[in-house]
Every structure is written in structure tokens, then in C-alpha cells.
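Read-outs throughout are calculated quantities, based only on the coordinates presented, and are distinct from any laboratory measurement. In this text, all values refer to a predicted model and were calculated from it rather than measured experimentally. Positions of Cβ are backbone-derived with ideal geometry, glycine not excepted, and every protein chain shown enters the neighbour counts.
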Amino acid sequence: MYAFDFEKPKTVAEAVEALSREDAMALGGGQTLIPSLKQHLAAPSALVSLTGIAEMRGVCTGTDGALCVGGATPHAVVATEAAAKYPALAALAGNIGDPAVRNRGTIGGSLANNDPAADYPAAVLGSGATIVTNTRSIAADDFFEGLFTTALEPGEIIVEVRFPIPQRAAYAKFQQPASRFALTGVFVAKTANGVRVAVTGASENGVFRWSEAEAALSADFSAEAIEGVSVPAEGMVGDLHGTPAYRANLVKVMTQRAVRAA
Amino acid sequence: MTKVTMTVNGRAVSGEVEGRTLLSAFLREGLGLTGTHVGCDTSQCGACVVHVDGQPVKSCTVFASDVEGASVTTIEGMANPDGTLGRVQQAFQDHHGLQCGFCTPGMVMSAAALLAENPKPTEADVRHYLEGNICRCTGYHNIVKAVLAASGQDVSGLAAE
């Protein structure tokens, strides 16, 4: 790793100030960023750890009934503390990586990184959650902008994620057994305004909503309802783990599994 | 260089570190606690697992400065106060849960964390919890057996494979 200064502010305001320095980077749990630093894929002048900011940690219920998750909350905490209120989200968080990774990795770090095979983007997009930063609120539909790209401005911090609670929801993940990332993962949420289906791991552009399945499931929330729809292989990831056609098929299979589990 | 202070195996310690100093490096090179092994150095193999405030983490993927003030337990802290092997360590020895031993410190730390969370795990619970710990010798069977034995469960019905 190249050398950098390490800072650990206690408040969001201090973190914003520290991040205003040229080439400073925010550090969540570091489960992606630290391996990247080791490979010299990033060379920040300073790392600003967000894990010491008490106001960004923990799970609570907002006045509107939404589940609020602090941006620096580790996956293991979400797996436990969201279990009663939003079991589908808790189950997703409890199956990210492995126990040691879940004790460090944070929801804000995962979303800001927007890895195309990460689990949390599917939950956030599938739930129609809102990403609250130090400056604004961003709807999930406007947040994810493709491979490792989000609507976040330089220095902008994910302070909280607010999840409206759906009537029914589930996440079905076909796990790449070595990395435990999603070879394809589908989050399905049935809400009063219809069904949302968000797919991670499959597309070359990262997480996306599968609108044809949403329409079919909004009319009939059953696995059979999407028997006749499919996603094209074009634009799906092809690598040694699976071809684009294989992933396209997995999208449908995992959507059906999620519907059955919801 | 900045000074970092933490409690390691019940002892208050401090040392000078760079921002980029990993917890694994601080433990091994700063404190001489070489029981924590660095295998892959990419947070996949789990040989470097230690407990930070009671929770298992991969010490090769945590900066020492980020756990300032924390209580850290390493494999050196797992023996009984009289120096004999702790419960989990003894079970690994009794059930031949290791061959070369390189992954064992991380396995023991993860197993101890599991048993703290879930005192009577099933075989499936053990296998799921140890997903982040890789062993290239044993085929895992005797590791799982050791963890179940350490939980006080009867493992005589588990065939050796």
C-alpha cells in the first residue's frame, strides 16, 4: 500500500471537513477498499474512517415507519437488529461474505462502491429505499449509475439508508461459492404500489430493475406469473463462472425463488 | 507515525504505526504476537482472524489505527490462565482438527466466536460460520468435529472421512 494519513472523525461534519482535502477518501469497513489499496488500485492522500461516527451507526424506526440504517452500520448488526422489522433485509445482510467480513463491512461502504455483484444494491433498489447523505436524499432509482458508479458527489457521505417496509419481500442469491458474491441475486418486494424486482450480479451495468417481471408480478404475485417472460442474454456478464445466457436464465430462476420465499 | 493504544489479550499495549499499518502487522511485527497468521492477505482465507471487542474480524483487512482503544484477543489469548490449552484448542488437538496448522489460529478464533454466539451449533451451523476460513489440508471434517466437540456435543457418531 502507498502511504496515507489516517483520520477517524467523531461527527459527520468533521468527516466532511476531512474529506474536503484533495485525494482524501472515505473508509467504511474497508472490506473492499483495503484489498484495493493493497493492489495499488487507489492512492488516497488520506483515509477518513467513518466507523467512529456514532450518529451513523445502528438501526432504528423512523416516524414514517421506515427502517433507518446508519451508513456505517456493519452487516452483522443489520442481520440482527433488522430481523424483526424487515426479515428479508436482515437475511440478505446475514449472508454477505462471511462472519468476519460482516463484522466490519458497512451498508454505506457497499452502496458507495456499487460492486455489480454486491447484495445490498439489490435490497436498496428492490425496496425503493432512500439514500440520505450529508447534503440530500437520493431515491434508489436515481442512485445507481452503473458499474462502480453512483450519484454521490466527491466527498459526499451516506449517512443513512431508509427502507420502506414492503408487504412481502425476499432475496434469492445464487452464490459464487469462492467469493460468496452473487453470481446472480434477485430482491423482490411487494408493496401497496406494485412489485419491485431488482437484480444484482447479472448485468454488465450493475444492479437493475426487471420491469417485465414487475408488471407480471404486480398482476399476479406468483412464481408462475413470470413463466412467459425472460431477460435477453445481451448485456449480461460472461466470465469463467457463467455465460451471459446462463446468467439471463438465473435472473428468472432466482426471481421465481424469491417470489416463492417472500 | 502516530501512536495507537489498545488492549491485547488483557494487556494494555501501544505502539507507533503508520496510517496504512494493518492490525495483523501491528500484532505480528509490533507486538511479536506471530500466532496470528497472514495467509492470503486479501481477506479470503481467514488465517488472520482475531477478536475485536469480542467479534471476529480479519486482521489483515483492518487498520491498526481504526481499532484504537479496542480490546483485541489473538490466539495467544486463548489458552487457559495456567498455560494449558483452552477448550477449543484442546478439541482441535483431540480430534485432529489440523494438519499443517497454518489456518488453525484463525479457525480457533472463528470457532470460539461461533460458540460464544451459538453454544450448541449444528454441523450445518459450523460449516456456514467457518465459510470465511480456508483449510487446504484437512478437508474440514475434523475441524467441524472439533468445534462440535468443543461445544460439549457427542461427536462419536460423526464418521471420520
| task | Could you calculate the contour length gain from B:Thr5 to B:Leu158, that is, 0.36 nm times the residue separation minus the distance between their Cα atoms, to one decimal place in nm? | result | 50.6 nm
| Which of the chymotrypsin sites (Phe, Trp or Tyr not before Pro) across the stretch A:1-70 are loop residues per DSSP, with 13 or fewer other Cβ within 10 Å? | A:Tyr2
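For the stretch B:102-161, rounded, prolate or oblate, judged on the Cα gyration tensor with a ≥ b ≥ c (square roots of eigenvalues), a/c < 1.5 rounded, else prolate if a/b > b/c? Show your work: numbers first, answer last.
On the way: a/c = 1.77, a/b = 1.08, b/c = 1.64.
Cα axes put the stretch B:102-161 in the oblate bin.
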| request: Scan the stretch B:54-155 for chymotrypsin sites (Phe, Trp or Tyr not before Pro) in coil per DSSP, keeping those whose Cβ has at most 13 other Cβ atoms within 10 Å, and list them by number. | output: none
| task | Taking the Cα centre of the stretch A:1-49 as origin, sum charge times position over the Cβ atoms of Lys and Arg (+1) and Asp and Glu (-1), and report the length of that vector in debye to the nearest 20. | result | 200 debye
| If amide H atoms are built 1.01 Å from N in the plane of the peptide, which residues on other chains or at least 5 residues away come under 5 Å of the amide H of A:Thr150? | A:Glu145
| request: Specify the residue with the greatest mean-square fluctuation among B:Val126, B:Val108, B:Val50, computed from a Gaussian network of chain B linking alpha-carbon atoms under 10 Å apart. | output: B:Val126
| request: Work from the charge dipole of chain A (Cβ charges, +1 for Lys and Arg, -1 for Asp and Glu, about the Cα centre) and give the residue of A:Tyr86, A:Ala43, A:Leu217 farthest towards its positive end. | output: A:Tyr86
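Within chain A, which is the longest segment containing none of the GluC sites (Glu not before Pro) that sit in a DSSP loop and have at most 15 other Cβ atoms within 10 Å? Each step should come with its number before you reach the end.
Details: sites that count: A:Glu22, A:Glu145, A:Glu204, A:Glu227, A:Glu234.
In short, A:23-144.
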| query | Given the protein assembly as shown, what count of lysine pairs have C-alpha atoms under 17 Å apart, with each pair 8 or more places apart or on different chains? | reply | 6
| Which distance in Å, rounded to a whole number, links the C-alpha centroids of the stretch B:1-66 and the stretch A:97-173? | 29 Å
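What is chain B's relative contact order, in percent, from Cα pairs under 8 angstrom and six or more apart in sequence?
That works out to 22 percent.
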| field | Cα centre as origin, Lys/Arg/Asp/Glu Cβ charges: chain A dipole, Debye | value | 840 debye
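For A:Gln167 and A:Ala54, compute 0.36 nm times the residue count separating them, minus their Cα-Cα distance, and round to one decimal in nm. If you can, show how the numbers build up before the last one.
Details: separation 113, 0.36 × 113 = 40.68 nm, distance 3.09 nm.
Full extension from A:Gln167 to A:Ala54 adds 37.6 nm.
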| What is the Cα radius of gyration of the protein assembly as shown over 2.2 N^0.38 Å, N being its residue count? | 1.01
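Could you list the trypsin sites (Lys or Arg not before Pro) in the stretch B:62-161 that lie in coil according to DSSP, counting only those with at most 11 other Cβ atoms within 10 Å of their Cβ? Before the final figure, lay out each step's value.
Values: sites: B:Arg87, B:Arg127, B:Arg136, B:Lys145; in loops: B:Arg136.
Of the trypsin sites (Lys or Arg not before Pro), the ones in loops of the stretch B:62-161 whose Cβ has at most 11 other Cβ atoms within 10 Å are B:Arg136.
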| request: List the residues whose amide H sits under 5 Å from the amide H of A:Thr133, counting only those 5 or more places along or on another chain, with H placed 1.01 Å from N in the peptide plane. | output: A:Ile138, A:Val159
| field | Student exercise, the stretch B:87-150 dipole from Lys, Arg, Asp, Glu Cβ charges, in Debye to nearest 20 | value | 100 debye
| Taking chain B as a Gaussian network, where each spring joins two C-alpha atoms under 10 Å apart, which residue of B:Ala146, B:Ala25, B:Ala70 fluctuates the most? | B:Ala70
| query | In nanometres, what is the gap between the two model label sites at A:Ala151 and A:Glu22, each 7 Å from Cα along Cα-to-Cβ? | reply | 3.1 nm
